[in-house]
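Values in this text are rule-based calculations from the coordinates and carry no lab data. From a predicted model like this one, the values you see are computed outputs, not experimental measurements. Don't worry about glycine lacking a Cβ; one is built from the backbone with ideal geometry, like all the others, and counts go over all protein chains shown.
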Amino acid sequence: MRPALAKAAALEMARILVPRGIRLPFPLSRSSAGPGGGTTSIFLQIGETTVRLEVERDADRDRRTGLALRGSGGRLDIIRGGRVLARDVRVRGAGLHAPGQAFINLHDRCRFGCAFCNLPVSPGKGLPARRWAAIVRGALAAGKVDAVAVTTGIPDTPSRACRDIARLVRSVRRDFPSVPVGVEPYTVDEGDLRALRRAGATELKLNIQCATGAIMRRVCPELDRDGILENLEAGVRLFGRGRVCSNLIIGLGETDAQALRAARLLARMGVAVNIRPLRVNALNRGPLERALGGRPGPPDGRRLLRLSRAQKRIFLEHGLEPGSFRTMCHRCTACDIEPFADL
Ligand code: SF4
């Protein structure tokens, strides 16, 4: 099977059984933000593509339908339903959250109740910002990562969270003047973006999240969609065309046409969308069902491939090159079918 097809099939399953007997060359990665917040993940390289999957350590699921990692002596295969889905996969080091990057979540409390996000229902044990700065600088100094990205929950106001990100960016910049730094805030105030740019951030991710305003009102009722779109335009002016990206979550009841209309709207502004499959887990299932009035529909592999091909055409039409990002998800590529990198 071609690596992109195997990756799509793996993303559709979202989780993999990694039996405790398998010795891994790198520690598992722990996510603290978004739908994967609080879960443990593994990065697996299939051919030239990389996929991030949530990890189960005990075989309490039906192994005939789930994914499992199998192997010994350094050779690992991904198995699905008793058959090999991908041979000779390699475990990649997770950096700090993403291969090659220190991608940290500054605040793990959030006052906004987006239904897909685990932060509001699962506040972890957040570190103080000063401690994060030391960890990031240490990882850069040791050569474990060569790029930095910062996201955050919003415990108080968006502007205050942006000031905290800016402080961390400045503190990294003092010792590492040329390291690429991506920031992923939530703000509808252009002044916050200017402050982040002044602090030394080089790339911006500001998430539109949902394909339509109607879905957004149900899933992220406290976020300001028009304000996000205005600030994405401002972000392109401040950071540059092709240096701004935005998550669009698939599986919230949108049609392909609605998703691609949103992707085109962003592309016209110079924003490179990340088409992100919804991940449903024990923490976000209830909030999602209440918000959507029914079961959420994470996309299957075929839909992901179809949307990614269309996304690639949109990028080509608008001269967007996701491969030029030095930070965040267009660099990492492990959660999505990434145009150009994967197909
Ligand atoms: S694609 Fe983005 S969210 Fe997924 S692991 Fe990589 S950096 Fe994290």
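Observations
- Amide H contacts of A334 (H built 1.01 Å from N, in plane; Pro and chain starts excluded): no residue 5 or more places away or on another chain comes under 5 Å.
- Legend note: in the chain, cysteines whose Cβ sits 4.7 Å or more from every other cysteine Cβ are C110, C162, C210, C245, C329, C332, C335.
- Karplus-based coupling profile of the range 257-264, in residue order and whole Hz: 4, 5, 5, 6, 4, 5, 4, 5, with θ = phi - 60° in 6.51 cos²θ - 1.76 cosθ + 1.60 and x standing for Gly or Pro.
- Evaluating 6.51 cos²θ - 1.76 cosθ + 1.60 at θ = phi - 60° for every residue in the range 234-240, the Karplus couplings come out as 4, x, 5, 4, 7, 9, x Hz, glycine and proline recorded as x.
- For the chain, share of DSSP beta bridges that run antiparallel, in % to the nearest 5: 45 percent
- Residue-wise HN-Hα coupling along the range 294-311, computed from phi with Karplus coefficients 6.51, -1.76, 1.60 (Hz; x: Gly, Pro): x, 6, x, x, x, x, 7, x, 5, 5, 4, 5, 4, 5, 5, 4, 5, 4
- Beta bridges by DSSP in the range 88-208, antiparallel share as percent, to the nearest 5: 15 percent
- Using Cβ point charges alone (K and R +1, D and E -1), the dipole size of the chain about the Cα centre works out to roughly 660 debye.
- L85 long-range amide H proximity, modeled H, under 5 Å: I78, I79, R80
- Amide H contacts of K205 (H built 1.01 Å from N, under 5 Å, at least 5 apart or other chain): V183, E184, C245
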